[in-house]
Amino acid sequence: MARIIRKTVITTLTLAVVGAGVLACTDGPLREPLLSLRDSAKKHTGEEAFSGTKKIDVDGHSVNVTCSGSRADGKPVVMVMAGLGDGLDKTAAFRKTLSEKDRVCSYDRLGEGESDKPAGVQSIAAGGKILTGVLDEVADDAPVVLAGHSLGGLLAARYAPEHQDRVKGLVLMDATSPTNSGDIEKVIPKSATGKTAELRAGTVAAGEGQNQEKLAFPDGEVRSAGDIPVEVIQHGTKYLGQFPVYGDGLEKVWSAGQHKWTAVSNRSKLSTAAKSAHYIYLDRADLAVKAVRSVSAQVAQ
């Protein structure tokens, strides 16, 4: 049981555990099948928008992108951003439900799924450049709602302030804390040994880019993305509290991190997903879908 708990915590905190060879927890090798491209919507330019999965070139990199659902004037395109170690298959069911009423897209970041691997350590700005290229392809001039989980939530909240002309709403589902490395160092002392020492060192290493995306996400202040609707959802099942000795502290700093993200807009709403662990869009898909549709509706007004 303790081993399972440690693995779950490692995934939640987007860790690469030193010496353990664990970068992230996935559900196995299952991949989303390639969908046939077909006419299903139109870009505002009049060009045909695609439904299905394909690879596009962004700044010299092959990026795996998927879209579904129909475009409608005034309605935003929803971009789902997965957590560390999660490819397109992980969010497939969530996207399918959303696409019944919205145009929904997602992509594998560099180092994930079927996209190219990065040549070296990436900055958040570099990762944002890839996202911009993807949005240029799938959203054109439509407004965008970023729906991010875990590390995907952190990246969405970091991207939005610099792209207020395009990002008009956010849904952050148990997003990685903006002060993730500092949080873990605060809870687990430097004198810790064994697995807790690995947890501490792994969190810091991951933030420096020692993860499968080679993406560095240093601690930083939360910047404002303007007066946009934002839904911040935190997990309700206090599973981190089961971690020996440091569990209560981990829960406390994780919750504090969710509160910090509300500063991204003065229209932020923080809620707790009862009976949900870290994967809110799987454990409580109803709440996650409701939050995205609420933000999308506000953007469309």
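The values are calculated or read from the model by the stated rules, or taken from the named source; none is laboratory data. Everything numeric here is computed off the predicted structure, so don't read it as measured data. Heads up, the Cβs are rebuilt from the backbone with ideal geometry, glycines too, and the neighbour counts pull from every protein chain shown. Remember, those area values only see protein heavy atoms, side chains included, never the ligands or the DNA or RNA. Shrake-Rupley method; radii C 1.70, N 1.55, O 1.52, S 1.80 Å.
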- Do any residues in the range 112-132 that are within 14 Å of D59 (Cβ to Cβ) have Cβ atoms under 8 Å from those of residues that are among the acidic types (D, E) and crowded, with 16+ Cβ neighbours inside 10 Å, where the two are at least six apart or on different chains, and which pairs are they? S115/D108; P118/E213; Q122/E213; G127/E213
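Which of the residues that make up the range 108-119 are surrounded by fewer than 17 Cβ atoms within 10 Å (Cβ to Cβ) and either at pLDDT 95 or above or part of a strand (DSSP E or B) (or both)? Outline the logic, then answer.
Residues of the range 108-119 surrounded by fewer than 17 Cβ atoms within 10 Å (Cβ to Cβ): 117, 119.
The answer is K117, and nothing else.
From the list S255, S271, which one is part of a helix (DSSP H, G or I) and hydroxyl-bearing (S, T, Y)?
Details: S271 fails: part of a helix (DSSP H, G or I).
Going through S255, S271 in turn, the sole match is S255.
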- Do we find a residue being open to solvent by 30 Å² or more (accessible area, probe 1.4 Å), over 20 Å from K101 (Cβ atoms) and within 18 Å of the chain's Cα centre (by Cα) anywhere in the range 279-286? yes
- Item | Candidate set: the range 259-268, residues that are in contact with a strand residue (DSSP E or B) (Cβ under 7 Å, 6 or more places away or on another chain) and not in a helix (DSSP H, G or I); chosen: the one least open to solvent (accessible area, probe 1.4 Å) | S265
- Message: Just to be sure I understand, how many residues within the range 216-239 are touching a residue at least 60 places away in the same chain (Cβ under 8 Å) and either among the β-branched types (V, I, T) or farther than 20 Å from V264 by Cβ (or both)?
- Response: 7
- Item | Pairs, first farther than 22 Å from L170 by Cα in the range 246-273, second small (G, A, S), C-beta under 6 Å, six or more apart | G247/G241; D248/G241; E251/G241
- Query: Are any residues in the range 150-164 free of Cβ contacts under 8 Å to residues at least 60 places away in the same chain and buried (at least 24 other Cβ atoms within 10 Å of the Cβ), and if so, which ones?
  - Reply: Y159
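When the residues of the range 189-240 are narrowed to those that are basic (K, R) and part of a helix (DSSP H, G or I), which ends up modelled with the highest pLDDT?
Within the range 189-240, the first condition is being basic (K, R), and the residues that meet it are 190, 195, 200, 214, 223, 238.
When the remaining residues are screened for being part of a helix (DSSP H, G or I), the result is 195, 200.
Values: K195: 84, R200: 92.
Top of the filtered list is R200.
Just checking, which of A49, A16, A41 is modelled with pLDDT under 60, under 15 Å from E137 (Cα atoms) and open to solvent by less than 20 Å² (accessible area, probe 1.4 Å)? Give the steps one after another, and end with the answer.
On the way: A49 fails: modelled with pLDDT under 60; A16 fails: under 15 Å from E137 (Cα atoms).
Just one listed residue meets the conditions, A41.
Being open to solvent by less than 10 Å² (accessible area, probe 1.4 Å) and in contact with a helix residue (DSSP H, G or I) (Cβ under 8 Å, 6 or more places away or on another chain) narrows it down to one residue among V167, V138; which is it? Can you show your working first?
Values: V138 fails: in contact with a helix residue (DSSP H, G or I) (Cβ under 8 Å, 6 or more places away or on another chain).
Answer to the check: V167.
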- Looking at this structure, is S296 in contact with a strand residue (DSSP E or B) (Cβ under 6 Å, 6 or more places away or on another chain) and open to solvent by 30 Å² or more (accessible area, probe 1.4 Å)? no
- Task: Identify all residues within the range 88-107 that are within 15 Å of N64 (Cα to Cα) and surrounded by fewer than 23 Cβ atoms within 10 Å (Cβ to Cβ); write none if there are none.
- Result: L88, D89, A92
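Hey, does the range 173-188 have a residue that's open to solvent by 10 Å² or more (accessible area, probe 1.4 Å), of a type in the set (G, A, S) and not in a strand (DSSP E or B)?
yes
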